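Input: a single structure, listed below in structure tokens.
The values are calculated or read from the model by the stated rules, or taken from the named source; none is laboratory data. Computed from a prediction, not measured in an experiment: that's the story for all the values here. No Cβ is skipped: glycine too gets one built from the backbone with ideal geometry, and neighbour counts run over all protein chains shown. Protein only, heavy atoms only, side chains kept; ligands, DNA and RNA dropped before computing areas. Shrake-Rupley method; radii C 1.70, N 1.55, O 1.52, S 1.80 Å.
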Amino acid sequence: MDFKVLFSQLSVLYTKLSQQQRIIIAVAIIGIVSFLIFMVVFTATKNSNKKYEVLFDSLSSSDAAKVIEQLEKDEIPYEILADNVIKVPKNVVYKERIAIASLGIPKDGGVGFELFDQQEFGATSFDQKIKHLRALEGELSRTINALSPIERASVSLALPKETLFVSKEVPPTASIMVTLVEGRMLSPKQIRGIKNLVASAVPKLTPANVTLISGEGVTLGDEDEMAQMGELSAVQQKYKEKEEKKRQNKIIQIISPFVGGEEKVIAQVAIEYDFSVQNSTSETFDPENVVRSEQITEEKREGGTPEKVGGVPGTVSNIGPVQGLQSNAGSEKYEKNAGTTNYEVGKTVQTTKSQFARITRITAAVIVDGKYKNKLDTEGANTGEIEYQPLEESDLDALSSLVRQSIGINDGRGDTVSVKNLQFKRENIETGKDAVSQVMTMAEVYITPFAGLFKYLFVLILLLIVYKKVIVPFSARMLEVSKEDEDLEKPLLDLGDEEGEDLVEKVQAMRKKVEDQLGVADGYNEDELKHDILLEKVKAMMSDSPEEIAALLEALLSEEAEATDAK
């Protein structure tokens with residue numbers, strides 16, 4: 001759109017308005033702009049000052065009363081919504097939250113191990129046990145409250161006294177009450193997760209001894225075992241279908257190049273799995289002995305020591321050797337060898353855990369189409385018809401061997417593969433597809449990848465249509481109206497300066513010549529000459545186009561009448 005033309009049209013329209021109309025339009029425009037500015041500024045100021053945000057939510061009645069009392073004391077405006085949700089202006093929400101939290105409000109949020117931040121003088125062991133129990137319950141409640149489906153949770157633990165007698169030992173138990181968010185539910189996985197969380201935090205507590213109930217008193221997780229079995233069965237079925245689909249695609253990919261395309265192969269694979277979990281431990285003893293330790297003791301002594309002289313205690317013994325009492329024994333030689341060898345029996349201990357799924361049997365059924373060729377008559381000429389030709393047995397054997405190799409067939413396991421050749425039914429054998437199928441295939445191949453681009457292209461075409469059908473005709477109409485106004489305002493007898501001067505000179509020359517011939521050589525009036533020329537031109541125009549002259553006179557009379565009425 002040409003804004004210069006638009007401004008010129010507005011200026012022409014403005015010049016045609018009377019003084020009273022100009023004042024009314026100016027006042028209206030000023031009033032509208034002032035009103036819009038006032039609304040924008042007022043709304044922005046109001047929103048900035050009166051926008052409320054949540055200060056606390058999900059408060060108990062006692063905590064909500066204390067918070068409201070503190071807000072009224074601080075002269076802070078507030079709003080109370082459902083579920084004890086309290087809102088305050090946005091500019092004071094953080095300041096009031098910190099100020100109220102410093103007063104210990106809210107108090108029903110549960111306590112944790114911060115109970116032990118301050119030590120009490122003279123506290124007994126019983127007091128310490130109670131504080132530890134409260135702290136453990138509070139910490140578990142806070143953790144469970146962090147789950148998105150849970151609005152509020154309360155945990156109670158029953159921890160029995162420890163005893164030295166195993167027969168009198170009582171296992172600990174726990175109870176959990178949860179209030180769920182409106183419209184939310186706990187899945188079996190989440191229920192098991194909460195039970196395992198609490199059981200892991202308390203010694204000797206098992207998930208079976210954890211009871212979980214909802215705010216309505218309904219026990220959650222009663223059918224936990226059945227839910228686990230259902231989930232396990234779903235996982236097993238999904239795994240089975242995935243493996244079967246994978247082998248089917250392998251068969252189609254390896255056979256389709258030989259038979260002329262994927263549409264000429266149909267494959268189905270069935271796999272039987274054993275999902276039972278088996279753990280086995282085996283011990284193997286080595287028949288060859290292994291020396292674990294060996295101990296050898298060897299003693300050897302040669303020669304002897306003289307025997308001590310002995311006798312009856314008395315004087316003779318004390319005065320030294322006496323003839324006849326000396327020993328005549330010879331030297332001695334002593335040897336001793338001892339050995340001890342300990343043997344260890346070799347043993348190998350092996351623990352085996354079975355895999356998630358064990359294949360027990362695979363069965364596969366494959367159907368392939370045959371070949372098609374032009375039918376010939378007895379003379380060998382093409383008849384224009386298509387003739388079906390089945391595959392040879394050697395081809396089927398080769399395809400069967402490829403299938404067996406591709407999906408891992410094991411004859412010892414009892415796996416079977418069947419490959420058959422059958423004629424596929426088609427409405428149009430020449431093309432292999434009917435017209436609708438061809439169109440759908442082409443659309444899927446060539447159009448679907450550009451679906452996102454077509455969306456923006458459609459919007460662009462729509463905008464172009466609106467521009468061509470609405471905006472352009474409207475602009476053209478406005479320009480036509482402006483042109484008509486300009487044509488009406490432009491005088492019909494507007495002569496160019498050069499044209500007028502040439503015409504005046506020619507008329508003057510002619511007039512002078514005529515006057516000279518008539519003998520009237522006195523001076524003449526130039527203005528009268530122009531008037532005469534214009535009068536002659538007007539007469540000529542009236543004779544040529546009387547309708548345009550009449551419309552011009554009518555427009556001049558109407559404008560003069562409007563000007564008179566305005567005065």
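Among 253-263, 190-200, sorting by the average number of other beta carbon atoms lying within 10 angstrom of each residue, highest first, gives 190-200, 253-263.
When all protein chains stay in place and ligands, DNA and RNA are ignored, the 1.4 Å accessible-area order of Ile549, Ile359, largest first, is Ile359, Ile549. Between Lys168 and Asp411, the contour length at 0.36 nm per residue exceeds the Cα-Cα span by 81.5 nm.
Show me the ranking of peptides 164-174, 279-289 by mean Cβ neighbours inside 10 Å, starting with the highest.
Order by mean packing, descending: 164-174, 279-289.
Working from label points 7 Å from Cα in the Cα-to-Cβ sense, the Leu535 to Gln268 distance is 11.2 nm.
Summarising the amide proton neighbourhood of Val85: residues at separation of 5 or more, or on other chains, whose placed amide H is nearer than 5 Å comprise Ser58.
Taking a Cβ cut-off of under 13 Å around Glu69, the surrounding Lys, Arg, Asp and Glu residues balance to a net charge of -3, with basic ones at +1 and acidic ones at -1. Ranking Asp544, Asp57 from most to least accessible surface, computed with a 1.4 Å probe over the protein chains only, gives Asp544, Asp57. Expressed as a whole percent, the accessible surface of the range 129-178 that belongs to carbon and sulfur atoms is 59, based on a 1.4 Å probe. Amide H to amide H, with H built 1.01 Å from N, Arg361 comes under 5 Å of Glu272, counting only residues 5 or more places away or on other chains.
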